[in-house]
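The next block holds one structure in the form of structure tokens; read it before the comments.
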Amino acid sequence: MTVITVPSPPYAGQKPGTSGLRKKVKVFAQPNYAENFVQAVFDVVKPQPGATLVIGGDGRYHNRTVIQAAIRIAAANGYGQVLVGRGGILSTPAASHVIRKYGASGGLILSASHNPGGPDEDFGIKYNTANGGPAPEAVTEAVYLRTQTIDRWLTVESADVDLDACGSTRCGDMTVSVIDPVADYADLMETLFDFGTIRSAVKGGFRMAFDAMHAVTGPYAHEILEKRLGFPAGTVRNGVPLEDFGGHHPDPNMVHAHELFETMFGPDAPDFGAASDGDGDRNLIVGRGRFVTPSDSLAMLAANAHLAPGYRGGLKGIARSMPTSAAADRVAASLGIPCFETPTGWKFFGNLLDAGMATICGEESAGTGSDHVREKDGLWAVLLWLNILAVRKISVDDLAREHWDTYGRNYYARHDYEALPTDKADALMAELKAALPNLPGKAFGHLTVAEADSFSYLDPVDGSTSANQGLRVLFEGGSRIVFRLSGTGTEGATLRVYLERYEMASGNLEQETPHALADLIVAAEAIAGIERHTGRTAPDVVT
Ligand code: G16
């Protein structure tokens, strides 16, 4: 095998964000851009000769081009085997599972998640380590530093691999195996959940609608929901992955999955509605006439997880990201298990899961998962919900009400201000950060600030610290506002404002969320001066 060295100057700005490097396709398509980044990853992780690498993506535009390049670069860097999903497809949780199952040294996941796809839209590359989880900050930081000094990438001369047929071929001295992207993952789900009871519910007339949003979960949902669980054909909507996701944002929320919402709030709504995102790690849960916030979903799943075979032994702990509501904390307290609060980003759960300190994790950004893989997992959450509903023979709405009657209700919303000029967003955050020490004791309407800080996380497993992970304003009585800049956008800056108010079980549990949060919305403007800094009078997306 002749290794070819391609000279290449560094590109500025190849800094991975919350979840890998995400940029416009036009940026990634520049000569050497993707190649530099992949080579920088390999320079940092230094694969053992003969190591196995997993490659897959969400099927978006540019996937196939980068996969072919990455295979050749992997061969030139001494990998012994690449496992790649047929069609270049592997959902993020399936990739995590494949890495773990086959003892791979890591994997490249090509996705920009819920961001839109197509020639003018977004692309992304993320590296996952041998535990199947996103590379920790120490690795992503080292990769970034390497991209800034890189001067070459390595490749071999080899024809493109036929990605559409399962089987093995050679690339240089390396074996390339094209694998079924669905089978291993579907088998894993069958070990965790009571498929028999769900099948009986389906036979008894239980109906659901699943919107795959023309993204990666289509083939997984067809196999699991329609073939293995017996839901009728047509249960899975938009089930064929498209390079541009049909021109939509594959983001399962009220805005982008509005058709599902219309179904679930319409006259002939089925029992259960769900959707997943571009790469299959996020989930949306909506019952007949009842939307379940991701924070509530985490808490409700944790409270009922023992009903699924995979969690019959109970949970070791729960972990949530800081901006996620504290609903799960109350479940953890009642179960007598710890609840960990991490920064935003699934990578922060990896150590807790590996150390056996947490079993279930979740984020307000529609991510829920467990120790079965090291990524959040959209279909896993859907199946756990199905398992619980089938065993308990209860509607989503009744389960939600019962939960709030037991634990109280954390009214919650996230307001996103998208595509802001970066300097304006930075100025808002800097001004707010400087003002934090003066906030305690100040009143905003009925709300009085108890504490205000910039969230910093001390990892209890490896002792590492991650600072500047969001600005928190905590009010007396348990309400709070969190301000954070997104780390996944590709255009300007996105300001996220997370609003939460706790109502005890004896309180008013029947309010509309915007009404329950009205005081906090006014306070957020007064505290941060969103309009003054950005000119925006309303958020672009409310979830
Ligand atoms: C990624 C991360 C999540 C994070 C989310 C939002 O999700 O994996 O852990 O919560 O981004 O991050 P931000 O608020 O910085 O935009 P995904 O689904 O985009 O990979």
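The values are calculated or read from the model by the stated rules, or taken from the named source; none is laboratory data. Bear in mind that the values here come from a model prediction, so they are computed numbers and not experimental data. No Cβ is skipped: glycine too gets one built from the backbone with ideal geometry, and neighbour counts run over all protein chains shown. Side chains are part of the model used for accessible areas, which takes the heavy atoms of the whole protein and leaves out ligands, DNA and RNA. Shrake-Rupley method; radii C 1.70, N 1.55, O 1.52, S 1.80 Å.
Could you tally the net charge around residue 120, taking each other residue with its Cβ under 14 Å from the Cβ of residue 120, Lys/Arg +1 and Asp/Glu -1?
Result for the neighbourhood of residue 120: -1.
Taking N as the number of residues in the chain, what is its alpha-carbon radius of gyration divided by 2.2 N^0.38 Å?
For the chain, the normalised Cα radius of gyration is 0.95.
Which shape class, rounded, prolate or oblate, goes with the stretch 5-158 when its Cα gyration tensor gives a ≥ b ≥ c as root eigenvalues, a/c under 1.5 marks rounded, and past that a/b bigger than b/c marks prolate?
Judged from the Cα gyration tensor, the stretch 5-158 comes out rounded (a/c under 1.5).
Need the C-alpha centroid separation for the stretch 125-162 versus the stretch 82-119, integer Å.
Computed from Cα coordinates, the inter-centre distance equals 14 Å.
Ordered by packing density, taken as the mean number of other Cβ atoms within 10 Å over each peptide's residues, highest first, how do 304-310, 462-468, 346-352, 45-51 rank?
Descending mean neighbour count gives 346-352, 304-310, 45-51, 462-468.
Less than 18 Å from a label point 7 Å out along the Cα-to-Cβ axis of residue 476: which backbone N atoms in the stretch 402-437 qualify, by residue?
none
Would you work out what percent of the accessible area of the chain, with all protein chains in place, is carbon or sulfur (probe 1.4 Å)?
51
Leaving out same-chain residues fewer than 8 places away, which lysines sit with a Cα under 21 Å from that of residue 393?
Straight-distance partners of residue 393: 203.
With a 1.4 Å probe and all protein chains left in place, how much accessible area per residue does the chain have, in Å²?
36
Rounding to the nearest 20 debye, state how big the charge dipole of the chain is about its Cα centre with +1 on each Lys and Arg Cβ and -1 on each Asp and Glu Cβ.
640
Using 0.36 nm per residue of separation minus the Cα-Cα distance, give me the extension gain between residue 355 and residue 164 in nm, one decimal.
In short, 65.0 nm is gained.
Report the local net charge at residue 307: Lys and Arg +1, Asp and Glu -1, summed over other residues whose C-beta lies under 9 Å from its C-beta.
It works out to a net charge of +1.
For the stretch 262-301, with only Lys/Arg (+1) and Asp/Glu (-1) charged at the beta-carbon, what is the dipole magnitude about the Cα centre, in debye rounded to 20?
Computed charge dipole of the stretch 262-301: roughly 160 debye.
Given the DSSP H assignment, sum -39500 (n - 2.57) over each helix run of at least 4 residues in the chain and divide by its residue total; what's the result at 222 nm in deg cm²/dmol, nearest 500?
-9000 deg cm²/dmol
Just need log10 I(q)/I(0) for the stretch 39-116 at q = 0.11 Å⁻¹, Debye formula, equal scatterers on the alpha-carbon atoms, no solvent, rounded to two decimals.
Debye intensities relative to I(0), on a log10 scale: -0.25.
Could you list, in their original order, any pairs among 126/316; 316/376; 26/126 whose Cα atoms are separated by more than 24 Å?
126/316
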